[in-house]
1. From largest accessible area down, sort 78, 62; use a 1.4 Å probe on the protein chains.
2. May I ask you to list the aspartates and glutamates whose Cα is less than 19 Å away from that of residue 5, ignoring any residue fewer than eight positions away on the same chain?
3. Pairs to check: 32/58; 37/78; 36/78; 12/77. Give those whose C-alpha atoms are more than 23 Å from each other in this structure.
4. So what does log10 I(q)/I(0) come out to for the chain at q = 0.11, 0.14, 0.18, 0.23 Å⁻¹, using the Debye formula with one equal point on every Cα and no solvent?
5. Hand me the GluC sites (Glu not before Pro) from segment 21-89 located in a DSSP loop with no more than 11 other Cβ atoms within 10 Å, in residue order please.
6. For the chain, with a Gaussian network of springs between Cα atoms less than 10 Å apart, report the residue from 61, 52, 73 with the top mean-square fluctuation.
7. Determine the calculated [θ] at 222 nm for the chain from helices alone, applying -39500 (n - 2.57) to every DSSP H run no shorter than 4 residues and normalising by the residue count; nearest 500 deg cm²/dmol.
8. List the residues, sorted by chain then number, that are 5 or more residues from residue 5 or on another chain and whose placed amide H is less than 5 Å from its amide H.
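The values are calculated or read from the model by the stated rules, or taken from the named source; none is laboratory data. None of the values given here were measured: they were computed from a predicted structure. Reconstructed Cβ throughout: ideal geometry from the backbone, glycine too, with neighbour counts over all protein chains shown. What goes into the accessible areas is simple: the full protein's heavy atoms, side chains included, and nothing from ligands, DNA or RNA. Shrake-Rupley method; radii C 1.70, N 1.55, O 1.52, S 1.80 Å.
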Amino acid sequence: MSILKRPIVTEKVSALNEGGRYGFVVDKDANKVEIKKAVEKAYGVTVESVNTMVYPGKAKTKYTKSKVISGRTASYKKAIVQVAEGDIIDFYGGV
């Protein structure tokens, strides 16, 4: 089971990166302790705190020429981690 799915790279989260806070989409069943261990193992940093949020899927409707298509977007869990002062996570190191 992979706990960290992908990092969140948006303008809002990028602004938080300057303060040592980083966002990740994580597995829905992961708890804060598991997320902390996964980030510390993957990036070699010290995590001070973890905040989690569960985003429910939204209903979406698309109008096409032949019919109306209704569905839902996927729900996901997001984690914002605070790393120790002086530690950084470089998402763009391999690019």
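1. Values: 78 35, 62 125 Å².
Sorted descending by solvent-accessible area, the residues read 62, 78.
2. Cross-link targets: 27, 29, 34, 40, 90.
3. Values: 32/58 25 Å; 37/78 16 Å; 36/78 13 Å; 12/77 17 Å.
Result: 32/58 exceed 23 Å.
4. Normalising to I(0) and taking log10 leaves -0.40, -0.57, -0.81, -1.19.
5. On the way: sites: 34, 40, 48, 85; in loops: 85.
Counting only loop positions with at most 11 other Cβ atoms within 10 Å, the GluC sites (Glu not before Pro) in segment 21-89 are 85.
6. 61
7. On the way: 2 runs with 19 residues, N = 95.
That calculation yields -6000 deg cm²/dmol at 222 nm.
8. Residues meeting the amide H criterion: 25, 26, 27.
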